[in-house]
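So the structure is just underneath, and the comments pick up after that.
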């Protein structure tokens with residue numbers, strides 16, 4: 001989708017800087033975005049190959065996403081599959097809900113699609129998927145006044161089928177808005193390309209379809225641009241929303257905005273949309289901007305005690321040896337922690353081993369390969385990539 005920068009949009013975005021205040025704790029949380037996590041997410045997403053809607057790889061990616069949210073500490077009741085069909089094809093959206101403290105029935109949606117059509121789609125849209133995962137991880141235990149829905153749509157590449165299903169059947173039913181949605185923030189193709197100068201991001205506003213929601217979209221897109229400048233090293237350009245998962249919501253009168261790469265990669269929908277071609281550092285910077293913006297949109301707590309997400313540091317949990325053969329050792333820095341659980345999953349998201357309160361784990365039955373090992377103690381979880389070589 002071609003983006004055209006408008007001078008008026010840039011002027012409006014710049015003028016909004018003075019009206020929107022910098023919040024230190026928002027910046028602190030934006031700085032929790034992990035380059036390692038972003039890079040790992042991109043690599044793992046890429047490893048699933050072509051994720052055509054309805055395919056086995058598409059389902060495997062869905063399961064991988066579910067496993068990520070479980071590792072972050074989201075409960076089963078918060079993680080909901082949303083099935084849909086078009087023609088003879090069936091697939092599922094994934095919807096994770098974090099309840100707000102003041103307006104639990106009014107939602108800020110952050111979304112992007114996880115299906116692809118040609119190549120692994122690491123940029124289109126493993127990049128948006130990776131950023132949404134980091135936002136969800138960091139904001140997991142941060143109080144927000146408005147509820148947040150993290151939505152991963154399928155069927156985008158065939159014609160926005162997943163988002164259309166959700167907008168037309170869940171958000172809006174029989175001519176009535178069933179969900180009170182404050183805004184929809186879409187991330188699609190935010191990965192750039194290695195070798196390009198990737199220092200700017202496009203903030204997308206509504207200029208087509210229904211006209212009644214254009215002003216509100218322009219306002220939140222100005223705010224998105226401001227948050228990007230305040231909480232990330234990226235500069236911004238404002239252009240028009242087009243042909244992605246926010247459009248079915250726009251047609252129902254909801255307010256939309258979005259992120260899209262500024263310097264085009266032109267790898268989308270080709271075999272060249274691979275991890276080798278995407279720019280993980282650019283995705284990392286987009287992640288910072290998205291965390292800052294989502295705190296603003298959902299009105300996150302500004303107190304310091306919530307500034308650190310519930311993810312332990314590398315020193316809190318040690319998992320060794322790595323690579324491992326038949327036994328994996330788990331050491332906790334808190335020697336008094338008697339109750340903890342361990343789950344090992346493959347890169348497709350399938351659980352292959354679960355155990356509790358064991359510091360030595362028998363992995364002799366597992367095949368050689370790369371796995372994710374998640375250790376949970378209370379409401380703190382740590383996930384590490386492990387390699388099994390025998």
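The values are calculated or read from the model by the stated rules, or taken from the named source; none is laboratory data. Nothing here was measured: the structure is a model prediction, and the numbers come from that model. With ideal geometry, Cβ positions are generated from the backbone for all residues, glycine too; neighbour counts draw on all protein chains shown.
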Only one of (1) part of a loop (DSSP other than H, G, I, E, B); (2) at pLDDT below 95; (3) in the same structural domain as residue 231 (by TED's automatic domain parsing) is not met by residue 11, so which one is it? (1)
Going through (1) more than 18 Å from residue 66 (Cβ to Cβ); (2) part of a helix (DSSP H, G or I); (3) under 12 Å from the mean Cα position of the chain (by Cα) one by one, residue 130 fails only at (1)
For residue 115, only one of the following conditions fails: (1) under 24 Å from residue 31 (Cα atoms); (2) under 15 Å from the mean Cα position of the chain (by Cα); (3) not in a strand (DSSP E or B). What is its number? (1)
Residue in region 25-58 that is nearest to residue 291 (Cα to Cα), counting only those that are free of Cβ contacts under 8 Å to residues at least 12 places away in the same chain and in a helix (DSSP H, G or I): 36
Does residue 348 count as at pLDDT 85 or above and surrounded by 14 or more Cβ atoms within 10 Å (Cβ to Cβ)? no
With the first residue restricted to region 248-260 and required to be within 16 Å of residue 162 (Cβ to Cβ), and the second required to be surrounded by fewer than 24 Cβ atoms within 10 Å (Cβ to Cβ) and at pLDDT below 95, Cβ contacts under 6 Å at 6 or more apart or on different chains are 250/209; 251/209
Failed item in (1) under 26 Å from residue 102 (Cβ atoms); (2) in contact with a strand residue (DSSP E or B) (Cβ under 8 Å, 6 or more places away or on another chain); (3) not in a strand (DSSP E or B), with residue 141 passing the rest: (2)
Where residues in region 199-213 are out of contact with any helix residue (DSSP H, G or I) (no Cβ under 7 Å at 6 or more places or on another chain) and within 19 Å of residue 187 (Cα to Cα), which of them is modelled with the lowest pLDDT? 208
Out of 31, 82, I need the residue that is more than 22 Å from residue 344 (Cα to Cα) and surrounded by 17 or more Cβ atoms within 10 Å (Cβ to Cβ). Which one? 82
Can you go through 257, 236 and tell me which one is more than 30 Å from residue 175 (Cα to Cα), assigned by TED's automatic domain parsing to the domain that holds residue 98, surrounded by 24 or more Cβ atoms within 10 Å (Cβ to Cβ) and in contact with a strand residue (DSSP E or B) (Cβ under 7 Å, 6 or more places away or on another chain)? 236
Is at least one residue of region 75-87 within 24 Å of residue 295 (Cα to Cα), touching a residue at least 12 places away in the same chain (Cβ under 8 Å) and either assigned to a loop (DSSP other than H, G, I, E, B) or touching a helix residue (DSSP H, G or I) at 6+ places or on another chain (Cβ under 8 Å) (or both)? yes
Residue 109 fails exactly one of the following numbered conditions: (1) in contact with a helix residue (DSSP H, G or I) (Cβ under 6 Å, 6 or more places away or on another chain); (2) crowded, with 22+ Cβ neighbours inside 10 Å. What is the number of that condition? (1)
In region 160-193, anything surrounded by fewer than 19 Cβ atoms within 10 Å (Cβ to Cβ) and either assigned to a strand (DSSP E or B) or modelled with pLDDT of 95 or more (or both) is listed as 168, 169, 170, 173, 176, 177, 178, 180
